[in-house]
Each structure stands twice: as C-alpha cells, then as structure tokens.
Amino acid sequence: MATMIKESDIPALNEQVKNQNAEEVLRLALEWFGGRIALASSLQAEDQVLTDMLCGLTSGPSVFTLDTGRLHNLTYDTIDKTNRHYHIQIEMLFPDASAVEALVNEHGPNPFYQSIELRKCCCHIRKVAPLQRKLKTLGAWITGQRRDQALTRGELEKIEWDRQNQLVKFNPLADWTTEQVWDYIRQHEVPYNPLHDQGYPSIGCAPCTRPVKKGEDVRAGRWWWEEPQHKECGLHLISGQLVARKGVE
C-alpha cells in the first residue's frame, strides 16, 4: 500500500485511524512502509515512548537523531542509555561541516541570539538539511509531535503529508496529553532524559533551551527570546513554510 499513498489519500487515512491508539497507528505504519520508515528522535519523552513502542512491535527499528553539535551532554547520555536498554543503535546525523564553519566564521558561535533569520539559518544548517538528506532515503517518517505542545501544532493530525519532503509523516501521539506520556514512561520504565527532571519539558540545543518557570507554556524554554508563533526550527512545516495552523495567529 505504501507506494500507492499520495497527498489526496491523507484525509481518508486519518479517518481510518481516528479511533486507533498510538501503538495501532505505529503497527499500520510499519505494515505499510516496512524498512522505508524511521522515527526521528530528539530523545525527548515523547520520542522515548515511541521508541519503546516500536521495539515492542519489531526488532531493530530504524531510529535516528540529529546531532547538531550543540546538544546537552545529558542528551548524549540518554542516547547511550537508550541504545543499551533496547539493544538498538540510534543513527546519529551530522550537519555539513563546511556550512557550520561558514556560519560561525561570519556571524560568531552563537548567531541565533542576533535575529530570527540567523536562528532559522542555524537550525536549517544543523537540523533541517541533515533531516532532508535522511528523508530522501525513506518513504515515511515518525515524529513525537503532540497538539498541545505549541501554537503551531494545534490541529496536528496522526497522519500528514509532508509536502516539503514529499512523503508521509506519522504523529501517533498527536492526541496525547503530557500526563499520558509520563504515565506510559512510569508504567513501562522507559529511560528518559534527566533534563526533564530539571524543569525542561522541551529539549533542544543547549544554547537555545532553558528550564521553564512555574505556569509557563511547555515550549517557553525553547528560543525564549522569540514570539510563540515563531518557535519552530523548520523541521515541521506546511507547504515548505512555517505557518500558523487554523485558529492560530
């Protein structure tokens, strides 16, 4: 079926999985795409839940992460711990060294604080470009996105058409709450990033992530110097652009 899926099929597929749980959505994804699907993991709680589910559904699932060169050391520790726990090897993707050198030599080591444009440029070089390179080898990818994570994700579907990369994207946890994520982690003893215990509900690169304060939005610690509607790195776009979903200004 995988080779037959096109953008116009997505609404019907979402209707099909509307009442299915995350594990059932993952099982369908694996049936449809087999070895041509992978989980993009940032080692956050949601991605760890999906890794646990995938390892229960298949041996040696394809999981990759984007090593930007600026990750927290505890994130690297979590990669090692996850590999050992599930007996897998998370693939680590790296940015083009010459592009990183050019950016840093022209704008300094922390250009993301200077402007939104430079922050997005840094994200593109360190995250988007390596992701696009990987996705060219796949027919579909899986993410840990949830609707209540950010303004830009308010109408997230369990199955989407990634127009930028021209392939299917699965978001099995789209309708999950934070409480459901952590209930699963505790129930199944899933290894998770210790930064979550230090006030980081959302974890990215070390210079661009801080703990959130009591009462703040879960994404408040990501690019905290920017307005909420801009808080995406470019990995999850609609028609190749960062746009607000319906009902979001």
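The values are calculated or read from the model by the stated rules, or taken from the named source; none is laboratory data. Predicted, not measured: the structure shown is a model, and the values here were computed from it. For neighbour counting, all protein chains shown are included, and Cβ atoms are generated from backbone atoms with ideal geometry for every residue, glycine included. When the accessible area is computed, the model is the full protein with side chains, heavy atoms only, and any ligands, DNA or RNA have been set aside. Shrake-Rupley method; radii C 1.70, N 1.55, O 1.52, S 1.80 Å.
Starting from the Cα of LYS120, draw a straight line to each of the aspartates and glutamates and keep only those under 15 Å, dropping any in the same chain fewer than 8 residues away.
Straight-line reach from LYS120, under 15 Å: GLU226, GLU227, GLU232.
Skip the ligands, DNA and RNA, and give the accessible area per residue of the chain with a 1.4 Å probe, whole Å². Please report the intermediate quantities before stating the final value.
On the way: 12010 Å² over 249 residues.
Solvent-accessible surface per residue comes out at 48 Å².
Identify all lysines with a Cα-Cα distance to LYS18 below 26 Å; exclude those on the same chain that are fewer than 8 residues away in sequence.
Those lysines meeting the cut-off are LYS6, LYS158, LYS169, LYS246.
Under a cut-off of 22 Å between alpha-carbon atoms, report the lysines in cross-link reach of LYS214, not counting same-chain residues fewer than 8 places apart.
Here the lysines satisfying the reach criterion relative to LYS214 are LYS231.
With a 1.4 Å probe and all protein chains left in place, how much of the accessible area of the chain comes from carbon and sulfur atoms, in whole percent?
49
Please name which of HIS72, SER115, LEU57 has its Cα lying farthest along the dipole of the range 1-119 towards the positive end, using unit charges on Cβ (Lys, Arg +1; Asp, Glu -1) and the Cα centre as origin.
LEU57
Rounded to two decimal places and with Rh computed the Kirkwood way over Cα pairs, what is Rg over Rh for the range 93-163?
Working: Rg = 15.0 Å, Rh = 14.3 Å.
That ratio is 1.05, to two decimals.
Please work out which option in (i) 44, 24, 13; (ii) 32, 27, 21; (iii) 26, 21, 19 gives semi-axes √(5λ) of the Cα gyration tensor in Å calculated from these coordinates, and answer with its label.
Answer label, from the structure shown: (iii).
Report the relative contact order of the range 170-229, percent, no decimals, based on alpha-carbon pairs under 8 angstrom and at least 6 residues apart.
Across the range 170-229, relative contact order equals 20 percent.
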